[in-house]
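Asks: Have a look at this one before I ask anything.
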Amino acid sequence: MSSNNEKKSGLDRPVSRRGLLGGLAASGGVAAGLFAGRANAAQPDPLITDIQDWNRYLGDGVDSRPYGSPSEFESHVVRRDVSWLTADATSSVNFTPLHALDGIITPNGLCFERHHGGIAEINPADHRLMIHGMVDKPLVFTMQDLMRFPRENRVYFLECAANSGMEWRGAQLNGCQYTHGMVHNVMYTGIPLKLLLEEAGIKEGARWLLPEGADASAMTRSVPLEKGLEDCLVAFKMNGEALRPEQGYPLRLVVPGWEGNMWVKWLRRIEVGDQPWHQREETSKYTDLLANGKARRFTWAMDVKSVITNPSPQAPIMHGRGQTIITGLAWSGAGKINRVDVSIDGGRNWQTARLNGPSLDKSLHRFYYDFDWDGSDLLIQSRAIDEAGFVQPTKKELRAARGENSIYHNNGIQTWHVKADGSAENVEVS
Ligand code: MTE
Ligand code: CO
C-alpha cells in the first residue's frame, strides 16, 4: 500500500479559536445556491430518461465471485498508512478508514493492522497453544482440541494505546483515519480463557499470565490473572469467519477494553506466574512518561473517547447547506457509552447526539447529530461520557494532567474546522 498522507507543516501549532471564529462571519454564505436540487434542473436527467447499460445487459453470474469483494466504485475505501511513521518500505501500522464506514462493525478487510514482526502465516494444523507455569497440569492444545470447548460470541473494540499518539503536541494529521484509525470493532467467536485455565488447574498463589505470540516478534505482555478469568477470550473467528492472517490467524487473545498491545495475535503460549515479567512492551514501551519525568505503567484500560467521522478532512460535506448529519463513534474501556455531546462552535455550546445501533459493553457506539447547516464555518467536536461517569477531556485538560511526552492514551476531544465549501481540516481550539 502506498502512503497517502504527508505531515502537514502548517498545522503543527494549535490554531486559536478567536482567530477562527473571527473568520466565520466573513466566509459564511459562500456556498449559497451552489447545490440546487435535481428536481429544479432545466435539462432532463439522462440517468432517469435513458436506459443504462447495467439495465440493458445481463450481469455476471454467481460463479464470477466465489469470495465477494466491494464494488469497484468503493476501491478508495482501504486501510492506509502514514509514510513518515514508517522507517522502511514495509509499514508496521496502517489505519481503519473510519470516515468511510457507518454502523459499529468494522469489516474484516478494513481492520487496522499493527504488527511488530510482520504477518505470521500459520497453517492451523501446525498451530499449538501451550498453557504452563503455575498450573496443576501443563497442557498443549491443537486447534481441534480447542473446538471441544464451549464458545461465545462477543463484540469488542480493539484500540492501540498509540491511537491519536501523533496528536499529543498539536493538530497534525488531516483525517480521522490517521488521527483515530487505530481502532476496530469486531464480533469475536472464542473460548473464555477461564475454561482453558481451569482445565490446566491454576495453582495457589498464581496472579499473572504471560501470553506469547508465534510471530517473529514473539510478543509478550503480563496480564493480571483476574482479567484473564473475568472476560478474556481465545478467539478464532472474527465477524463470523476465520481470523484474518493480519489479525492473528489462527488464534488471538481478546482482552476487552484494554490496550490493543495486550491482545496477543498468533497466540501460542500462556505462562501462569505469581508476578509480572516486565517485558519490553510494558517497560520501555506502553508506559506514559509524565512531565515530571515519572512514568505511568500498567495503564491497561482504554479511556472514554469519541471522534466525528463525518464530516472530516477525508469526508467533506458534498451536498451544501441545509439539512446535514454529523456522525461519529464513541467507546470506553470502562463499559458502555451513556451519552455523546456534539458542539459546532468549538466547545462553547453542546447538544446531545442520538446514539443508534446496539449499545454493547466495551464496543464502539454510533452517534448522529442532525442539524440545519447555514453554510458558515464550523468547529465541530464530540465529547463522550461512559457508564462509569468518565467524561472525555479537552486536549488542554489532558495535557495539564499528563504533559506532552507521551504517545499513548490520548483521548482528548478532536476538533474539525468545517469551511463554507464543506471541506474540513484538523485544528485545535485553545
Ligand atoms: N501480537 C503479536 N503476536 N504481535 C504483534 O506485533 N501487535 C499488538 C497486538 N498484538 C502484535 C500483537 C498491537 S501493538 C496491537 S495495537 C494489536 O495487536 C493490533 O491488532 P490488529 O492488528 O488486529 O489491529
Ligand atoms: Co498497538
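Every read-out reported here was derived from the displayed coordinates using simple, explicitly stated rules and does not represent laboratory data. Owing to the predicted nature of the structure, the values given are computational and were not obtained by experimental measurement. As a convention, Cβ positions derive from the backbone with ideal geometry for all residues, glycine included, and neighbour counts pool all protein chains shown.
Asks: Under 1.5 on a/c is rounded, so check that first for region 302-427, then, if it is not, pick prolate when a/b is larger than b/c and oblate when it is not; a ≥ b ≥ c are the square roots of the alpha carbon gyration tensor eigenvalues.
Replies: oblate
Asks: What value, in deg cm²/dmol to 500, does the helix sum -39500 (n - 2.57) over DSSP H runs of n ≥ 4 give at 222 nm once divided by the residues of the chain?
Replies: Helix-only estimate at 222 nm: -2500 deg cm²/dmol.
Asks: So which aspartates and glutamates pass the test for K137, namely a Cα distance under 14 Å, with those fewer than 8 places away in the same chain ruled out?
Replies: Qualifying aspartates and glutamates at Cα under 14 Å: E198, E199, E204, E271.
Asks: Can you put C176, C160 in order of Cβ neighbours within 10 angstrom, beginning with the fewest?
Replies: Ordered from fewest to most neighbouring Cβ atoms within 10 Å, C176, C160 come out as C160, C176.
Asks: Using Cβ counts within 10 Å as a stand-in for footprinting exposure, how do T299, T49 rank, fewest first?
Replies: So the ranking, lowest neighbour count to highest, is T49, T299.
Asks: For T415, list long-range residues whose amide hydrogen, built 1.01 Å from N in the peptide plane, is under 5 Å from its own amide hydrogen.
Replies: Under 5 Å from the amide H of T415: V427.
Asks: Past 24 Å, Cα to Cα, is the threshold; run K237/K285; K194/K237; K194/K294 against it and keep the listed order. Please list the in-between numbers first.
Replies: Numbers: K237/K285 29 Å; K194/K237 18 Å; K194/K294 35 Å.
The answer is K237/K285; K194/K294.
Asks: For F371 and E230, calculate 0.36 nm times their separation in residues minus their Cα-Cα distance, and state this gained length in nm to one decimal. Can you show the working numbers first?
Replies: Details: separation 141, 0.36 × 141 = 50.76 nm, distance 4.20 nm.
My answer for the length gained is 46.6 nm.
Asks: Based on the mean of other beta carbon atoms within 10 Å per residue, what is the order of 388-396, 68-76, 55-63, most packed first?
Replies: Order by mean packing, descending: 388-396, 68-76, 55-63.
Asks: Rounded to the nearest 5, what % of the DSSP beta bridges within the chain are antiparallel ones?
Replies: Percent antiparallel among DSSP bridges in the chain is about 90.
Asks: Still on this structure: To the nearest Å, what is the center-to-center distance of region 167-183 and region 327-378, using C-alpha atoms only?
Replies: What the calculation gives is 18 Å, centre to centre.
Asks: In what sequence do S92, S164 fall when counting other Cβ within 10 Å, fewest first? Walk me through the numbers before you get to the answer.
Replies: Details: S92 16, S164 28.
So the ranking, lowest neighbour count to highest, is S92, S164.
Asks: Name the aspartates and glutamates eligible as straight-distance cross-link partners of K265: C-alpha to C-alpha under 15 Å, and not fewer than 8 places from it in the same chain.
Replies: E113, E121, E159, E212, D215, E246, E281
Asks: Now for a separate question. Quote the charge dipole size of the chain about the Cα centre in Debye, to the nearest 20; the model charges only the Cβ of Lys and Arg (+1) and of Asp and Glu (-1).
Replies: 980
Asks: For L267, list long-range residues whose amide hydrogen, built 1.01 Å from N in the peptide plane, is under 5 Å from its own amide hydrogen.
Replies: Answer set, sorted by chain and number: A214, L251, R252, L253.
Asks: Starting from the Cα gyration tensor of region 98-296, take the square roots of the eigenvalues, sort them a ≥ b ≥ c, and report rounded, prolate or oblate (rounded when a/c is under 1.5, otherwise prolate if a/b is larger than b/c, else oblate).
Replies: Because a/c hits 1.5 or more and a/b fails to exceed b/c, region 98-296 counts as oblate.
Asks: I've got another one for you. What distance in nm lies between label points placed 7 Å from Cα along the C-beta direction at D60 and V78?
Replies: About 1.7 nm, to one decimal.
Asks: Cut-off under 13 Å on the C-alpha distance; same-chain residues fewer than 8 positions from K395 excluded. Which aspartates and glutamates are left, in chain and number order?
Replies: Here the aspartates and glutamates satisfying the reach criterion relative to K395 are E167, E404, E428.
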